[in-house]
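Here's the structure, in structure tokens; my notes come after.
The values are calculated or read from the model by the stated rules, or taken from the named source; none is laboratory data. Values in this document were obtained by computation on a predicted structure and should not be read as measured data. Heads up, the Cβs are rebuilt from the backbone with ideal geometry, glycines too, and the neighbour counts pull from every protein chain shown. The area values use the complete protein model at the heavy-atom level, side chains included, leaving out ligands, DNA and RNA. Shrake-Rupley method; radii C 1.70, N 1.55, O 1.52, S 1.80 Å.
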Amino acid sequence: MQSYLEKRDPAKNLARFYRLMVLPNLFGEWTLQREWGRIGQAGQVRSVYFPSQDEATSAFLKLEAAKRRRGYWLRPEQLELF
């Protein structure tokens, strides 16, 4: 499960991205990996570990909803993947 969100405002020179991924790890846990930063540059990465996929997915959905409320949107190319 993954999502790539962008927020752009040329008037404010704003071009940001936010990537979310839910991935299994080698120890039987699930990881919510977040990456964010300026479009076209390397971003910061943070990983949070969860004991189950349901908990990781719940955190993923909450975080994605929060970013959408702040003006981030899905790229149109990503919508074709679903």
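Things to note:
- Residue that is open to solvent by less than 60 Å² (accessible area, probe 1.4 Å), of a type outside the set (Lys, Arg) and part of a helix (DSSP H, G or I), where the choices are Ala65, Ala11, Ala15: Ala65
- Residue-level check: of (1) touching a strand residue (DSSP E or B) at 6+ places or on another chain (Cβ under 9 Å); (2) assigned to a loop (DSSP other than H, G, I, E, B); (3) small (Gly, Ala, Ser), Gly28 misses just (1).
- Hits in the range 20-52 - residues which are closer than 13 Å to Gln2 by Cα and exposed (fewer than 15 other Cβ atoms within 10 Å of the Cβ): Leu23, Pro24
- Yes/no for Phe60 being surrounded by 15 or more Cβ atoms within 10 Å (Cβ to Cβ) and part of a strand (DSSP E or B): no
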